[in-house]
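The values are calculated or read from the model by the stated rules, or taken from the named source; none is laboratory data. Everything quoted here is computed from the prediction, not taken from an experiment. Heads up, the Cβs are rebuilt from the backbone with ideal geometry, glycines too, and the neighbour counts pull from every protein chain shown.
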2 protein chains.
Amino acid sequence: MKLYHSQTSPFVRKCMFIAHHLGLADRIEKLPAAANPVNRDKSILPWNPLGQVPTLITDDGMVLFDSRVVCEYLDQLGKGSFFPAGAARWRVLTEQSLADGILDAALLTRYEGAMRPEGMRWPDWTAGQMDKINVGLAHFEKNVDDAADRIDIGTVTLGCALGYLDFRFADLGWRSRCPKLAAWYEKFSALPAMQATKP
Amino acid sequence: MKLYHSQTSPFVRKCMFIAHHLGLADRIEKLPAAANPVNRDKSILPWNPLGQVPTLITDDGMVLFDSRVVCEYLDQLGKGSFFPAGAARWRVLTEQSLADGILDAALLTRYEGAMRPEGMRWPDWTAGQMDKINVGLAHFEKNVDDAADRIDIGTVTLGCALGYLDFRFADLGWRSRCPKLAAWYEKFSALPAMQATKP
């Protein structure tokens with residue numbers, strides 16, 4: 001199978017974590033991509049009109065996106081248990097939504113501060129996105145005991161979100177406000193699949 | 001159960017379509033919400049740090065978001081078939097991703113043009129988002145025969161996306177460029193669950 005890929009995309013990292021963890025990584029051919037909301041990557045558009053990574057082309061020719069769909073597909077292909085059934089399913093899917101939402105806010109903040117011309121930046125917009133990130137992290141700090149040693153789509157997305165914040169928002173200082181989350185992340189980021197997918 | 005709700009949110013509409021179609025609508029207490037990325041709705045934050053609708057509180061006290069998770073939960077609760085198994089699952093989930101992506105682009109365009117102070121609007125940003133919408137619609141036009149009479153999470157999300165474009169982007173003129181999609185939508189929007197959830 002082929003994956004439109006970027007080494008720095010946290011959404012691609014979710015998929016590659018699962019691929020590594022389930023022994024599927026060698027079956028994935030990585031197609032280079034430069035996804036960008038303004039200068040859209042025309043090589044992706046015929047497959048995915050959103051022009052985003054990850055976009056997966058399966059061995060039988062299906063085209064799948066976005067990361068939530070690709071992750072669930074890889075989990076099923078590799079007979080994983082990243083997507084449990086029953087009540088646990090709703091918990092981990094909502095954790096994924098929250099961590100994905102933190103990532104969306106982080107990306108919008110980056111587009112605002114690093115891509116948009118200087119005179120057109122709106123501080124209220126950035127403040128709203130940063131509040132999403134900080135209230136989201138406080139929620140995880142409060143509930144991190146639920147995460148414990150779980151490895152599922154909820155914790156993988158959380159791990160990728162924290163990794164992205166460290167990569168692009170190194171000055172955020174979230175560890176001092178979220179010490180329990182920091183301890184959880186230190187352990188989680190030592191997993192081989194996290195090490196293999198560093199940005 | 002209780003749902004943080006807005007009559008004009010297309011993401012809430014996805015959930016309420018499923019609720020109406022499966023006879024669950026009477027069991028949902030609608031909580032008024034004013035989700036906004038800059039002036040965040042503080043009533044939602046204790047449940048959902050993203051401050052977004054839809055956010056569902058189930059009868060046994062679980063808190064679920066975003067629309068993808070709430071839709072799947074309601075489908076399972078009402079023994080529906082909006083989320084098929086097997087190969088059909090990947091098709092409809094990717095359709096949902098594309099239609100959700102069109103909606104995300106439409107919302108970002110609206111925030112840019114209606115909320116951001118005038119001097120801070122960036123035409124290249126809006127152009128990129130509008131291109132997502134238009135390339136996405138062209139993709140659905142080309143593949144609309146696959147939709148036919150299906151009622152599942154793919155077609156529901158597509159229907160809600162087109163309804164939102166008519167509601168907020170009345171001048172877009174997508175019907176002239178996408179005549180087959182227009183014919184499909186005319187039929188789909190006549191469904192009782194679409195009629196019951198108009199913005």
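Residues in the range B:145-155 that are assigned to a helix (DSSP H, G or I) and at pLDDT 95 or above: B:153, B:154, B:155.
Could you say whether any residue in the range B:86-93 is over 22 Å from residue B:188 (Cα atoms) and at the interface with chain A (Cβ under 9 Å from one of its Cβ atoms)? Yes, the range B:86-93 has at least one match.
When each of B:45, B:64, B:56, B:74 is tested for being free of Cβ contacts under 8 Å to residues at least 12 places away in the same chain and within 17 Å of the chain's Cα centre (by Cα), the lone residue that passes is B:64.
Among residues of the range A:156-193 being outside any helix (DSSP H, G or I) and out of contact with any helix residue (DSSP H, G or I) (no Cβ under 7 Å at 6 or more places or on another chain), the one that is nearest to residue A:81 (Cα to Cα) is A:191. Can you pull out the residues in the range B:28-49 that are among the polar types (S, T, N, Q) and facing another protein chain (nearest Cβ under 10 Å)? Scanning the range B:28-49 gives B:36, B:39, B:48.
Does the range A:139-157 contain at least one residue that is among the polar types (S, T, N, Q), closer than 16 Å to residue A:94 by Cβ and surrounded by fewer than 20 Cβ atoms within 10 Å (Cβ to Cβ)? Yes. The number of residues in the range B:106-127 that are touching a helix residue (DSSP H, G or I) at 6+ places or on another chain (Cβ under 8 Å), facing chain A (nearest Cβ under 8 Å) and more than 17 Å from residue A:109 (Cβ to Cβ) comes to 2. Being out of contact with any Asp or Glu (no Cβ under 9 Å at 6 or more places or on another chain) and surrounded by fewer than 19 Cβ atoms within 10 Å (Cβ to Cβ) is the filter here, so list the residues in the range B:1-24 that pass it. Result: B:7, B:8, B:23, B:24.
Evaluation of residue A:191 against the conditions (1) farther than 30 Å from residue B:38 by Cβ; (2) surrounded by fewer than 16 Cβ atoms within 10 Å (Cβ to Cβ); (3) under 18 Å from the mean Cα position of the chain (by Cα) shows that the sole unmet condition is (2). For the range B:86-126, a residue qualifies if it is within 21 Å of residue A:53 (Cα to Cα) and of a type in the set (Phe, Trp, Tyr), and the qualifying residues are B:90, B:125. Residue under question is residue A:105, and the condition is that it be in contact (Cβ under 8 Å) with a residue 12 or more places away in the chain, outside the structural domain of residue A:12 (by TED's automatic domain parsing) and among the small types (Gly, Ala, Ser); does it hold? Against the criterion (in contact (Cβ under 8 Å) with a residue 12 or more places away in the chain, outside the structural domain of residue A:12 (by TED's automatic domain parsing) and among the small types (Gly, Ala, Ser)), residue A:105 qualifies. Can you pull out the residues in the range B:56-87 that are touching a Gly at 6+ places or on another chain (Cβ under 9 Å) and in a helix (DSSP H, G or I)? Correct list: B:74 only.
Does residue A:64 satisfy the condition of being closer than 19 Å to residue B:83 by Cβ and surrounded by 18 or more Cβ atoms within 10 Å (Cβ to Cβ)? Taking the combined requirement at face value, the residue satisfies it. Residues in the range A:77-87 that are over 17 Å from the mean Cα position of the chain (by Cα) and touching a residue at least 40 places away in the same chain (Cβ under 8 Å): 6 in all. Here residue B:137 fulfils each of the conditions (1) in contact (Cβ under 8 Å) with a residue 24 or more places away in the chain; (2) at the interface with chain A (Cβ under 8 Å from one of its Cβ atoms) apart from (2).
Residues are listed down the side, and each one gets a yes or a no for (1) of a type in the set (Gly, Ala, Ser); (2) within 21 Å of residue B:111 (Cα to Cα):
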residue	(1), (2)
B:3	no, no
B:9	yes, yes
B:24	no, no
B:33	yes, yes
B:41	no, yes
B:46	no, no
B:56	no, no
B:67	yes, yes
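Across the range A:42-63, not a single residue is classified as touching a Pro at 6+ places or on another chain (Cβ under 9 Å) and within 21 Å of residue A:193 (Cβ to Cβ). Residue B:198 fulfils the conditions (1) assigned to a helix (DSSP H, G or I); (2) over 20 Å from residue B:94 (Cα atoms); (3) of a type in the set (Lys, Arg) except for a single criterion, (1). Close Cβ contacts (under 6 Å, 6 or more residues apart or on different chains) running from residues in the range A:172-189 that are over 17 Å from residue A:149 (Cα atoms) to residues that are surrounded by 12 or more Cβ atoms within 10 Å (Cβ to Cβ) comprise A:172/A:165; A:174/A:137; A:175/A:182; A:178/A:137; A:178/A:141.
Taking the condition of being among the small types (Gly, Ala, Ser) and farther than 30 Å from residue A:151 by Cα, how many residues in the range A:96-140 meet it? Total meeting the criteria: 5.
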